[in-house]
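Have a look at the structure below before the remarks.
The values are calculated or read from the model by the stated rules, or taken from the named source; none is laboratory data. The shown structure was predicted, so the numbers you read here are calculated from the model rather than taken from an experiment. Neighbour counts run over all protein chains shown; Cβ positions are idealised from the backbone, glycine included. Protein only, heavy atoms only, side chains kept; ligands, DNA and RNA dropped before computing areas. Shrake-Rupley method; radii C 1.70, N 1.55, O 1.52, S 1.80 Å.
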Amino acid sequence: RDITERKRAEEELRASREELRALAARLQAVREEERTEVAREIHDVLAQELTRLKIDLVWLQRRLLKASGAGAGTGLGNRVAEMIQMADTTIHAVQRIATGLRPAVLDSLGLCAAIEWQVRDFQTHAGIECQVRVPEVEPALSREAATAAFRIFQEGLTNVLRHARATRVEIALWQDGGQLLLAIKDNGVGVQPGALTNPMSFGLVGMRERALILGGRLEIQSQSGAGTTIEVRLPLAGKAGAAAT
């Protein structure tokens, strides 16, 4: 009877975990859909309207210069020039926000191009040397798997920037049989042992869950003062069912 009760409890716990994981997968999918829609609206509506405003300001500036002649109307002309500069700054900010929500390159060119773009942006803003290696042929990934791999990659770079104190990061993406592998290796200070199993390390927990939801897995190897390596394995398109079983 004790064994039966224990088995029943284990089955209920397993079923509960599967339900929670399915719910998390659905929430992540909805979140990505919403981010994509908001990014599209920002780019297609707000950025375009700001660009039209800038074009009108440039037209106004030229008309003022033509009407006033040299040396006349300098104050108004300077004010219009400041407005054009402000429009430029706002357009760049809007584009950055839209890209942060959902990089267009991920949907238009694929995961490899998105990783290369993110690496260039990371090097520019973080000042950390990066070496990236991606396959010439885009891996056969579902949209969900490509999104998960890219979000895990972004979180990995964020952890490097916040905690690693690294000067160099190596990124590699390749295929191994029916799996896609993504590795992020830094030369930083390493991760404290307790952080790897701490349920409050939400970044690491989120990375693991993204991989598990798709039938993959995430492994972290780290030693104090010897850097950290994050390796993600995800099933390629058509292999997810086999990986889950």
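With a/c under 1.5 counting as rounded, go ahead and sort segment 99-221 into rounded, prolate or oblate using the C-alpha gyration tensor (a ≥ b ≥ c being the square roots of the eigenvalues; past the cut-off, prolate if a/b is larger than b/c, else oblate).
Here segment 99-221 falls in the oblate category.
Taking +1 at the Cβ of each Lys and Arg and -1 at the Cβ of each Asp and Glu, which of GLY75, ASN159, ILE213 sits farthest along the dipole of the chain towards its positive end, judged by Cα position relative to the Cα centre?
GLY75
So for HIS125, HIS163, what's the accessible-area order with a 1.4 Å probe, most first?
My answer, sorted largest first, is HIS125, HIS163.
Select from the chain the helices, each a whole stretch of DSSP H, whose alpha-carbon atoms run 15 Å or more along the helix axis and whose Kyte-Doolittle mean is at least -1.0; answer none if there are none.
48-68, 74-101, 111-126, 143-159, 202-213
Just to be sure I understand the model, the point goes 7 Å from the Cα along the line to the Cβ. What's the resulting ARG31 to LEU109 distance in nm?
For ARG31 paired with LEU109, the spin-label model returns 2.6 nm.
Using the Cα gyration tensor of the chain, with a ≥ b ≥ c the square roots of its eigenvalues, what is the shape: rounded (a/c below 1.5), prolate (a/b larger than b/c) or oblate (neither)?
prolate
Return the single residue from LEU141, LEU157, LEU76 with maximal mean-square fluctuation; model: Gaussian network over the chain, springs between Cα atoms under 10 Å.
LEU76
How much mean residue ellipticity at 222 nm does the chain get from its helices, if each DSSP H run of length 4 or more adds -39500 (n - 2.57) and you divide by all residues, to the nearest 500 deg cm²/dmol?
Helix contribution divided over all residues of the chain: -20500 deg cm²/dmol.
Averaged over all directions, how much area does the convex hull of the C-alpha atoms of segment 1-93 cover when projected, in nm²?
Projected area, direction-averaged: 8.1 nm².
Which order do ARG26, ARG14, ARG35 take by accessible area at a 1.4 Å probe, largest first?
Sorted descending by solvent-accessible area, the residues read ARG26, ARG14, ARG35.
Heavy-atom accessible area of PHE122 with all protein chains present, probe 1.4 Å, nearest 10 Å²?
Result for PHE122: roughly 20 Å² accessible.
Keeping every protein chain present and rolling a 1.4 Å probe, give me the accessible area per residue for segment 1-110 in Å².
Accessible surface, normalised per residue, equals 76 Å².
If I compute solvent accessible area with a 1.4 Å probe over the protein chains, what percent of it on segment 1-127 is carbon and sulfur?
Ligands and nucleic acids excluded, carbon and sulfur give 56 percent.
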